[in-house]
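Presented below is the structure to which this report refers.
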């Protein structure tokens, strides 16, 4: 038997061919990315342009539906001259503070409750029915209760944000604990882990991808809780800004506040994703481990 | 002992040796299935593994092979009969036991070294010593360059090496293995079998190795237990008198090996066929 091998003379030319193929694949990928970005921008410009054109030609009534330039003016006014209830940054700060405190309390509570009930069959069977009932109550309505009970200050908004966040995080933490791999738990047990060590080193890490996924969703809920709470009655905050604009039939103000909230949510979403990638660096690729 | 023409001979299962590392004595195990039916997993099951002995358990699918291992760990309690490990009745998970699983049971969020150090750390060994020993064991399974890797960055064979190191670092006197290499390709499997025999010969543990691969069982074992189609009970026990150390890649072509395989396979085949027929008839 003779081992066949490619002759040495063909090797450099083949390497060159591979290099050029790689190069052109890279160029193609870059072009495709540029195309997507261009199309996205184009779509935005066309949408805003048509909106602006529509209001200019009176096809769309700017009084009800605002206009891009009107919204821009409104945001600029708020930045330079402040809002009717004080500087814009202060409104943002108040809303963010309520959101964060509510999010933190709700998330920590949800994680702890999820782990305890996930690890204890009896507690889970006893409580599950009540949690289902509590979860099916439209929780935004509780905002009114909190405002009556806790007043117009921060506490009522935080309470609403907590309630919004808690159930989402709880449900995910509970599921994550339940889905923890049996072989992995048995392995830890035989390697010598105590029940507490199993919870700390196996259950919590394996529930982590579920919990972090729920934090994405629930941060949005915390923001909704804070804004709705302010909407229902407050002295400060973005929700109050919307409600004041609504009272004055100022569509520009409503849209402007909405866009500011969206930007806030996007920035924080980005930060949560960064944290998630850091905590879950053991995963093959972000999100691929989810639900398994 | 005389030189035998056939390297295998049937032996009686209940060699009631005083120094047996594992003694499963006339155990019957019944489950209640979720729909309320009684199911017998094992019936009148007797098995002894002497200290330092390598025992393999083969049998048709679903005959309760893995159940025997869970009896030894104490995760399952026998309905009747008794299980003793190192002479003492099994009450809880013994510190002398190591278990290698069929599935990947490594912790995916821990690096290789953290995985291997897990056992000693769980058992309260100081961090420094635990990591020192972990480094040593990782080197012994040939993964010194991969200490900081995560399991998902390793191949199936490398993950199995980590699993072996993770188990062996606790220096178990009893080693239980549940089809540990069944998910590996045949070349990797041969390498891992050699690796296992090397580690085992250093540690002198008593091994119960469950497999559906008869050739694997003969190549590794001192003693092969053939189980009947469920409910599982011992059909026959064979002593494998192949010389050690054995080289996995070559032993399959040994004439003695082929002869033994033929004898045991004749025995096993009936059970496999019976088990298959039963599955097809009952649809379970």
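Of everything in the range A:185-199 that is within 7 Å of chain B (Cβ to nearest Cβ) and not in a helix (DSSP H, G or I), the residue that is surrounded by the most Cβ atoms within 10 Å (Cβ to Cβ) is A:193.
Close Cβ contacts (under 6 Å, 6 or more residues apart or on different chains) running from residues in the range A:97-125 that are without any contact (Cβ under 8 Å) to a residue 12 or more places away in the chain to residues that are assigned to a helix (DSSP H, G or I) comprise A:123/A:117. Every condition in (1) under 19 Å from residue A:135 (Cα atoms); (2) surrounded by fewer than 24 Cβ atoms within 10 Å (Cβ to Cβ) holds for residue A:236 except the one numbered (1). Figure legend. Inter-residue proximity from the range A:132-154: first residues within 21 Å of residue A:94 (Cβ to Cβ), second residues exposed (fewer than 14 other Cβ atoms within 10 Å of the Cβ), beta-carbon distance below 9 Å, spacing 6+ or different chains. Indicated pairs: A:152/A:235; A:153/A:235. For the residues A:249, A:255, the requirement of being part of a helix (DSSP H, G or I), over 19 Å from the mean Cα position of the chain (by Cα) and either surrounded by fewer than 22 Cβ atoms within 10 Å (Cβ to Cβ) or within 14 Å of another protein chain (Cβ to nearest Cβ) (or both) singles out A:255. Residues of the range B:72-98 that are within 12 Å of chain A (Cβ to nearest Cβ) and in a strand (DSSP E or B): B:97, B:98. Starting from residues that are crowded, with 19+ Cβ neighbours inside 10 Å and more than 9 Å from chain B (Cβ to nearest Cβ), keep the ones in the range A:200-209 and report whichever is nearest to residue A:170 (Cα to Cα). Only one residue fits best here, namely A:207.
Being touching a helix residue (DSSP H, G or I) at 6+ places or on another chain (Cβ under 8 Å) and under 30 Å from residue B:164 (Cβ atoms) holds for only one residue in A:236, A:175, A:246, A:189, and it is A:189. Would you mind stating whether residue B:281 is closer than 25 Å to residue B:30 by Cα and either outside the structural domain of residue B:57 (by TED's automatic domain parsing) or not in a helix (DSSP H, G or I) (or both)? In short, yes. The number of residues in the range B:99-119 that are surrounded by 22 or more Cβ atoms within 10 Å (Cβ to Cβ) and more than 7 Å from every other protein chain (Cβ to nearest Cβ) comes to 6.
The values are calculated or read from the model by the stated rules, or taken from the named source; none is laboratory data. Quantities reported herein were computed from a predicted structural model and do not represent experimental measurements. So basically every Cβ, Gly included, is an ideal-geometry build from the backbone, and we count neighbours across all protein chains shown.
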